[in-house]
Structures are given as C-alpha cells and as structure tokens.
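Visitor: Below are the structure tokens for one structure; questions will follow.
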Amino acid sequence: MPDFTMPALGADMETGTVVEWRVKPGETVRSGDVIAVVETHKGAIDVECFLEGVIDDLVPLGTELPVGAVLARIHSASEARRPPPAPSGAIRPKISPAARRAALERDLRLSDLHGSGPDGAITLADVQRRDHNATPTMASPTAQPASRQGFDTTPMRQAIAAAMGRSKREIPHYYLSSTIDFGPAQAWLESWNRTHEPIDRLLPAVLLLKATAMALVEVPQLNGFYENAAFRPSPAINPGWAVALRGGGLMAPAIHDANHRSLPELMVALRDLVQRARTGGLRGSELTDPTITVTSLGDRGAESVLGVIYPPQVAIVGFGRMVLRPWVVGDQVVPRSIVTATLAADHRVSDGHVGGQLLAAINAALQSPQAL
C-alpha cells in the first residue's frame, strides 16, 4: 500500500497546507492526476499524484505537514477496501486562487463560503463579502483594518533567502560571461513578426530560451542535479524560467522538453507559464523538475546578471537587457543589439572550460535563429 506524500515543491519548501482535495476517498486515481491543492509560501499549487490505484485515508483539510509526510494512502484495485462515504467537506467547491488566498488570510472555512461565479465557483468578491458581513469578535475600538491585501510575499522572501544562502555556502560557484551579437536574431525576429498576427508574434525571450535549450543538447554536463555527492544528468531538458511576481517574489517553474518545441510552441508555453505563476495556477511537477534555471532581465533590467544556483541544479544562465553598441562586422563598425549572457555553475560538477562551451553554443545558436 504505497503512500502519497507531501512533495518538496523546490529546495526552499519545508511545509505545506492541504487546502483542497480534488478527489473523494475510494476514487481511482491515475498517474498525473491533480488530486490536491497545497498552500505553500509560493502560493496555492496543484499537486499531481504519480501513483495509480484507489485513494483513501485523506488527511483533513487545513492540515499543515512537512515535506515527506503522508497525505493519503493508495491501494491497488485488488486490495482496495469498500469506499467509505465521503466525509462532509471532503470536496470543496471551485475557488479562484485569489479567493483561496484571501480566505486563508481571513481564517474563513471554504465550507462557509457561497460561490457566485460560474458553476458556483467562489470568487474573491465572495470572500470579501463574507468577511465584511462577519461579526467581529474581541475587536478593539481603536483597531485599524489590515492594510495588506492579497498574497503575503514575506514567507516567500524568507524561503528564497534561506535557499540561496545555503546555495552560496554549500555550492562552489564559478562565473563566466559572454557578450553576444543579437543582431542576426533581432533581424530574423522582426521579419517573423511582420508576417504574423499579434497573437503569433515572438518575443526575444523565447529565442534566448530555445538557444539555451539547444546549447544544453551539446553541453549536457550542466543539465541535471547534484544529489548524494554525485551529479545526476537529466535526459530531459526542462529549463526553469525565472518569473518575477507582482508585488514581489520570484519563481522559476519548468518548461518541459524545451529543446523539442518549436519557437511558436515555446512562446505559447512561456506566456501560459508566466500567467499561471502570477495567478497561482502552477502544478507541482513544474516546480520540482527544472534541470537548469534561465533568467532574463528584459528591456528594463541591468546589462548583466550573476545568478545564484538553485539546488539541486548545477547551473543558472542569465541574460541582461539588450543594448545598442558599436560592433565590428567584417571590416566595418556598425550599431548592433548586444546582450550579455552569464553563467553561474557548480565547480563540483564542471569547470570553466565546460561553462565556456555552453556560452559559446548559446552564441552560435543565436547567430542562426532560423535553425532554432
């Protein structure tokens, strides 16, 4: 009888709270099914089960558990007991991520809320209405209403600081940088976007992501995990794309098999990932299996970034904002869009020679954008 346990949704997670079950005791679950919603310092995360069988013994909602604690039992079909009646409240109505967070902050039970959204979904307005109508208890006449609204990023900042502090203490970082001529990629990108509708146009970020993924095919020594005092290479290339959250905080969920996706497919995946990261709709697998991190500061950032490796990964690639600089092309000096690519890598796994190969491969890929 295998256990379904609290997953470690990243190196900076220690505990999580079960806020919703998507299944009833006695139901059959299949590998990849989303069966629970767990609230962490990163927000509400959809958690998949990668076991198959009949689920039972679900922990009560609102239970905070450490990573590795048992959330439920999975029986094989042959040993499954007769499904007991579902306890009251085992399944909760649909609720938006913003409403779920607001309810948790106000200590409101989901069973006390009535949804006015589609199919009875609970919205943020429903939570605010319930909170406004609630009778205050033991309130001081001079008490002021809380000014904080929405997701509290303080626990996330503390967890990020703890994970990055541990990374810098335990991982011997080395750093490399390379200045890349983005002119050919920029020209190709402008040509593509002129002939496509706005919804199908591409951003420079997607070329940087694909170039990194293709470079990792050539230099796989930086794609994987350092665990149990050894490097474990990953057969899949799942770069985690760093997303700055509104109001503060940072997440880097994975885009799976980036090297096998076309640029339009990657653009769709990237837009979707950023939107779900900022609205609380990520899946657990997107937080547990990034094989490297890629961060791009965009057009409003600094010219370069020196990242900190997110364990158990062994490298992070950074791209600064693109700037116009004089550049030698043939025997002429011409204005070109230039981007600085940086690498922070784990010296236990690789050295500067391998790191230089990765940056050179990224550069080469961006010089032939039509092949990406």
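The values are calculated or read from the model by the stated rules, or taken from the named source; none is laboratory data. Keep in mind the model is a prediction, meaning the values are calculated, not measured. FYI the Cβ positions are ideal-geometry reconstructions off the backbone, even for glycines, and counts take in every protein chain you see.
Visitor: Out of segment 211-243, which residues are out of contact with any Pro (no Cβ under 9 Å at 6 or more places or on another chain) and under 15 Å from Leu263 (Cβ atoms)?
Guide: Met214
Visitor: While we're looking at this one, here's another question. Which one of these is buried (at least 19 other Cβ atoms within 10 Å of the Cβ) and not charged (D, E, K, R): Ala371, Ala364, Ala315? It would help to see each step written out before you state the result.
Guide: Values: Ala371 fails: buried (at least 19 other Cβ atoms within 10 Å of the Cβ); Ala364 fails: buried (at least 19 other Cβ atoms within 10 Å of the Cβ).
Matching residue, one of Ala371, Ala364, Ala315: Ala315.
Visitor: For segment 289-306, give me each residue that is assigned to a loop (DSSP other than H, G, I, E, B), of a type in the set (Gly, Ala, Ser) and touching a residue at least 60 places away in the same chain (Cβ under 8 Å).
Guide: Ser304
Visitor: Restricting to segment 28-61, and then to whatever is in a loop (DSSP other than H, G, I, E, B) and either within 24 Å of Arg157 (Cβ to Cβ) or in the same structural domain as Leu245 (by TED's automatic domain parsing) (or both), can you tell me which residue is modelled with the highest pLDDT?
Guide: His41
Visitor: To continue, here is another question. I'm checking my understanding of the structure. Among residues of segment 291-305 that are within 20 Å of the chain's Cα centre (by Cα) and at pLDDT below 95, which one is surrounded by the most Cβ atoms within 10 Å (Cβ to Cβ)?
Guide: Pass one, segment 291-305, residues within 20 Å of the chain's Cα centre (by Cα): 291-298, 305.
Adding the requirement that they be at pLDDT below 95 leaves 296-298, 305.
Working: Ser296: 24, Leu297: 19, Gly298: 14, Val305: 21.
So, considering only residues that are within 20 Å of the chain's Cα centre (by Cα) and at pLDDT below 95, the one surrounded by the most Cβ atoms within 10 Å (Cβ to Cβ) is Ser296.
Visitor: Given the criteria in the same structural domain as Ile255 (by TED's automatic domain parsing), farther than 23 Å from Phe225 by Cβ and of a type in the set (Asp, Glu), does Asp289 qualify?
Guide: On the way: in the same structural domain as Ile255 (by TED's automatic domain parsing): yes; farther than 23 Å from Phe225 by Cβ: no; of a type in the set (Asp, Glu): yes.
Against the criterion (in the same structural domain as Ile255 (by TED's automatic domain parsing), farther than 23 Å from Phe225 by Cβ and of a type in the set (Asp, Glu)), Asp289 does not qualify.
Visitor: Suppose we filter Ser178, Ser140 for residues that are of a type outside the set (A, V, I, L, M, F, W, C) and at pLDDT below 80; which single one remains?
Guide: Ser140
Visitor: Determine the pairs where a residue that is of a type in the set (Asp, Glu), located within segment 168-190, has a partner that is outside any helix (DSSP H, G or I) with Cβ atoms under 7 Å apart, the partner being 6 or more residues away or on another chain.
Guide: Asp181/Trp327; Asp181/Arg336; Asp181/Ile338
Visitor: Consider segment 317-371. How many of its residues are over 14 Å from Pro204 (Cα atoms), in a helix (DSSP H, G or I) and small (Gly, Ala, Ser)?
Guide: Counting residues in segment 317-371 that are over 14 Å from Pro204 (Cα atoms), in a helix (DSSP H, G or I) and small (Gly, Ala, Ser) gives 7.
Visitor: Within segment 308-340, can you find the residues that are without any contact (Cβ under 8 Å) to a residue 60 or more places away in the chain, within 21 Å of Met251 (Cβ to Cβ) and small (Gly, Ala, Ser)?
Guide: Listed by number, the residues that qualify are Gly318, Gly320.
Visitor: If Gly68 meets every condition in (1) within 25 Å of Ile292 (Cα to Cα); (2) at pLDDT 90 or above apart from one, which number is that one?
Guide: Exception for Gly68: condition (2).
Visitor: If you don't mind, another one. Can you spot a residue in segment 295-315 that is in contact with a Gly (Cβ under 8 Å, 6 or more places away or on another chain), more than 21 Å from Leu216 (Cβ to Cβ) and aliphatic (A, V, I, L, M)?
Guide: Yes, because at least one residue in segment 295-315 is in contact with a Gly (Cβ under 8 Å, 6 or more places away or on another chain), more than 21 Å from Leu216 (Cβ to Cβ) and aliphatic (A, V, I, L, M).
Visitor: Let me ask you something else. Give the residue that is surrounded by the fewest Cβ atoms within 10 Å (Cβ to Cβ), with candidates limited to residues of segment 206-237 that are among the polar types (S, T, N, Q) and closer than 17 Å to Ala344 by Cα. It would help to see each step written out before you state the result.
Guide: So the first thing to find is which residues in segment 206-237 are among the polar types (S, T, N, Q), and the list is 212, 221, 223, 228, 234.
In the following step, the residues that additionally are closer than 17 Å to Ala344 by Cα were identified as 212, 221, 223.
Numbers: Thr212: 28, Gln221: 18, Asn223: 25.
Ranking the candidates gives Gln221 first.
Visitor: Taking Asp289 as meeting all but one of (1) touching a strand residue (DSSP E or B) at 6+ places or on another chain (Cβ under 6 Å); (2) over 20 Å from Ala36 (Cα atoms), write down the number of the exception.
Guide: Among (1) touching a strand residue (DSSP E or B) at 6+ places or on another chain (Cβ under 6 Å); (2) over 20 Å from Ala36 (Cα atoms), the lone unmet condition for Asp289 is (2).
Visitor: Further question on the same structure: Consider only pairs whose beta carbons are under 9 Å apart and that are at least six residues apart or on different chains; among these, list those whose first residue lies in segment 257-270 and is over 14 Å from His196 (Cα atoms) and whose second residue is in a loop (DSSP other than H, G, I, E, B) and of a type in the set (S, T, N, Q).
Guide: Matching pairs, first to second residue: Asp257/Asn238; Ala258/Asn238.
Visitor: Run Gly280 past the list (1) modelled with pLDDT of 95 or more; (2) within 19 Å of Leu9 (Cα to Cα); (3) small (Gly, Ala, Ser) and report the number of the one that doesn't hold.
Guide: Gly280 satisfies every listed condition except (1).
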